[in-house]
1. Under 5 Å between amide H atoms, partner at least 5 residues away or on a different chain: which partners does B:Lys211 have, H built in plane at 1.01 Å?
2. Given points 7 Å out from each Cα along the Cα-Cβ axis, report the B:His6 to B:Arg220 separation in nanometres with one decimal.
3. Where in segment A:200-225 does accessible area fall by at least 50 Å² between the isolated chain and the complete protein assembly, at a 1.4 Å probe radius?
4. Normalising by the residue count of chain A, find the relative contact order in percent from Cα pairs under 8 Å and 6+ residues apart.
5. Once amide H atoms are built 1.01 Å from N in the peptide plane, which residues 5 or more positions from A:Arg151, or in another chain, come under 5 Å H to H?
6. With r as the distance between the Cβ atoms of A:Lys4 and B:Thr60 and R0 = 35 Å, compute the FRET efficiency 1/(1 + (r/R0)^6) and round to 0.05.
7. With angles folded into 0 to 90 degrees, how steeply does helix A:268-298 sit against the dominant principal axis of chain A? Use alpha carbons for both and round to 10.
8. For labels at A:Lys11 and A:Leu272 in the simple 7 Å Cα→Cβ model, what's the distance in nm?
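The values are calculated or read from the model by the stated rules, or taken from the named source; none is laboratory data. From a predicted model like this one, the values you see are computed outputs, not experimental measurements. Every residue, glycine as well, gets a Cβ built from its backbone with ideal geometry; the counts of neighbours run over all protein chains shown. Ligands, DNA and RNA are excluded from the accessible area calculation, which covers all protein heavy atoms including side chains. Shrake-Rupley method; radii C 1.70, N 1.55, O 1.52, S 1.80 Å.
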Amino acid sequence: MNPKKIKYIFKQAFKSMWRNRMMGAASIGSVTAVLIILGFVLIVVLNVNNMAMVAKETFDQIAVYIAEGVDEDQIEEMGKAFREIDGVMAVAFQTKDYALESVKKDWGEDAILLQDLRNNPFPDTYIVQLTDVSKADEVIAKLQTFEGVERVRYYQDAVNTLIKLADFVKRFGAGITIVLLLISVFIISNTIKITVLSRQREIELMQYIGATNGYVRGPLILEGIMLGLLGSLVAILLIMLGYSYTINYLAGRYVALISGMSGYLVGVEMVLDDLIIIFMTIGVGIGILGSLVSLKKFLSI
Amino acid sequence: MIEFSHVTKIYKKTFTAVKDINLKIDKGEFIFIVGKSGAGKSTLIKLLLREISPTQGIITYNNQDINKIRKRSLAEYRRKIGFIFQDYRLLPKLTVYENVAFAMEMICAPSKNIRREVPLVLSMVGLSDKAKYYPDELSGGEQQRVAIARAIINKPETVIADEPTGNLDLETSKEIMKILAEINRRGTTVIMATHDREIVNFFQKRVIELKSGIIIRDTRTGGYEDEPEED
Ligand SMILES: Nc1ncnc2c1ncn2[C@@H]1O[C@H](COP(=O)(O)OP(=O)(O)OP(=O)(O)O)[C@@H](O)[C@H]1O
Ligand SMILES: [Mg+2]
């Protein structure tokens, strides 16, 4: 690559971008849109996964629901047996009445809704306190083998919900991202098409002359790259602003919540580097793809 | 050096523009391709430039099937051929000098070669004093001379011109022809499509006449006479 060629390629690319700035803006906007959606998905998934992990480490209580119809003696026996399990620190019993009462208390005025309940739907429950979270899976496995145990509830319910949520966001986001990706490639290829048409005589001439490929394709591919890159830079800026604003907003509004769950949210600075690399790569990728699609179609001679 | 064998081009699946063309052109020849409008002259030239590909038949250049050239190597092939358009196709924002230099830049020629070669070629086509002019400040004949300079600056083996004098009067056309003859004298093969009888008759070179896409005449040295039924 000689300097003359580089100069020519840049000059032509910038000239075309300026001459064709409306389409250029549309191209940049479409790339930005893809990346913002993608960024939103990534951040949500990242945070939800993080929450799930933190939750796993924090919750050290297991709720063991006792099946209906197990008598008091049996329940007492079970409690004793639970205490014997390796990894269990303490065991506390909660009657179904207690559970109902505490829910009523939580619901306040809405508790009227529970008034008509004929049967107490809550089970008798043992709350098992673990010595160490790492023993959780082992202990759960043992608890489940007891007769009269209806269900063992651990963090896993909450965590599973989170993971399902993350999964949904991932799938849904991936779908939208792919569709938007194709749209941006299409828009960029159209922008490049307009450039090819507006420089048609020159480009044709170059092809008749037998110009080096770089001279013919260089400016067009560079234009695509720059559109993609600009789109990704705008997206990075918007995502970062939006994300840090959201975190600050949550922190300001739910101070207690945040201080209690400081570990739950992933900080902006944690994701910045990766996001910049991912976004710029995808932006440039879309740009190059758009250019190539157009070149294949319109460099006919 | 150039050979068409059984070449047929059918446009849009139905219109046969040239049919079963068999043609051999040796290195250093000067050839006129003549025929009425629509006879298929430009089609023949476009086939040779690989702007279009034949529906049937094979075209070889230096024994290479030009339609087997990969897209990547197409530029290399095109550099063997200098092409002159009827409408000059100069870049309007570049001077005469820059228009000619453009062709060298596009193949990454070193700057010092460009500075050496461009003035030489401009003097050959008699435009040394107009190097700094822009195309719209030149006459048609002068513009075509710039285009010729651009076509030969990279020293092609073959120069192809499609009605290079189509927009010019007879006097100016003869000046252009003199330059093409000089290029041919120096060893370059020249292929020129035209329907200008006076020029063809004046030069007495090989003439290939097309009629409705078929070669009806191929004479070594000859003119381009009126057909009895014509006009
Ligand atoms: N791309 C195309 N699609 C369909 N038909 C075409 C195409 N190009 C040329 N033709 C037809 O092929 C025939 C030959 O065209 P061509 O341009 O080769 O003629 P020509 O001899 O160069 O004529 P002229 O002297 O007017 O330049 C014409 O009837 C033309 O209409
Ligand atoms: Mg023609």
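1. For B:Lys211, whose amide H was placed from the backbone, the distant partners under 5 Å are B:Ile216.
2. Label-label distance for B:His6 and B:Arg220, simple model: 2.9 nm.
3. By number: A:Arg201, A:Leu205, A:Tyr208, A:Ile209, A:Gly210, A:Tyr215.
4. Details: 360 pairs, mean separation 95.8, N = 301.
Relative CO of chain A lands at 32 percent.
5. The list, which skips near neighbours in sequence, is A:Tyr65.
6. Efficiency for this residue pair is about 0.50.
7. So the inclination is approximately 40 degrees.
8. 3.9
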